[in-house]
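Encoded as structure tokens, the structure appears first; notes follow it.
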Amino acid sequence: MLMSDRMLLKVIVLGDSGVGKTSLMNRFNKQYKSTIGADFVTKELHIDEKLVTLQIWDTAGQERFHSLGVAFYRGADCCVLVYDVNIQKTFETLQTWHEEFLKQADPTNPERFPFVLLGNKVDTDGGSSRAVSEKTAREWCAMNGNIPYFETSAKENYNVDDAFLCVAKTAIASE
Ligand code: GDP
Ligand code: MG
């Protein structure tokens, strides 16, 4: 995937329906294609003198049925898992998404495959609505191979750029 000073990385975004995957991606350039029932956006970053293009793939809602085709997973360089910090169930399902990714994408080195976790909708955290603590999320990350963790708000554009910069760096580091 490395072409001198340019790099293209395929990133896929997984998580339960409604957690904010599409809203997070709408923060970036829209370049939707719908050939396989999935869409992607691109985000360009400059890292260590390299022009890195993230091609970030979103589902068109098929995550509801856990029926994303193999083309969606094929060749992924990083997998971003998203849950909603206000809904416990979306956190519990992360384990399933993690396993499903490894099964479908079948990377050569599953223990070292780069994941990044996003706890989204932190803006609605008034103290009463929060269902999953940052500590709990970080413990899950530690147990699953030290996955980097970010708390984000697609609504308020909080931490989204930082999270995807980490996605790029994590993917590059595992090349
Ligand atoms: P997806 O099914 O994972 O793609 O989720 P969507 O992006 O379609 O978002 C589902 C709902 O959550 C929509 O009503 C969004 O406006 C809302 N939403 C998404 N991100 C956020 C966020 O960061 N904060 C809040 N308060 N709502 C959000
Ligand atoms: Mg969506």
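The values are calculated or read from the model by the stated rules, or taken from the named source; none is laboratory data. Note that the structure is predicted; figures quoted are calculated from it, not measured. Reconstructed Cβ throughout: ideal geometry from the backbone, glycine too, with neighbour counts over all protein chains shown. We work out accessible area using only protein heavy atoms, side chains counted, and drop any ligands, DNA or RNA first. Shrake-Rupley method; radii C 1.70, N 1.55, O 1.52, S 1.80 Å.
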- Task: Answer yes or no: is there a residue in segment 150-171 that is over 17 Å from LYS21 (Cα atoms), assigned to a helix (DSSP H, G or I) and within 16 Å of ligand 1 (Cβ to nearest atom).
- Result: no
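Rundown of residues vs (1) touching a residue at least 12 places away in the same chain (Cβ under 8 Å); (2) touching a Pro at 6+ places or on another chain (Cβ under 9 Å); (3) open to solvent by 40 Å² or more (accessible area, probe 1.4 Å), yes/no style:
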{"residue": "PHE65", "(1), (2), (3)": "no, no, yes"}
{"residue": "CYS78", "(1), (2), (3)": "yes, yes, no"}
{"residue": "GLN88", "(1), (2), (3)": "yes, no, yes"}
{"residue": "ALA131", "(1), (2), (3)": "yes, no, yes"}
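Can you tell me which residue among VAL132, VAL160 is more than 17 Å from the chain's Cα centre (by Cα) and among the aliphatic types (A, V, I, L, M)? Before the answer, list the steps.
On the way: VAL160 fails: more than 17 Å from the chain's Cα centre (by Cα).
Checking each option against the conditions leaves just VAL132.
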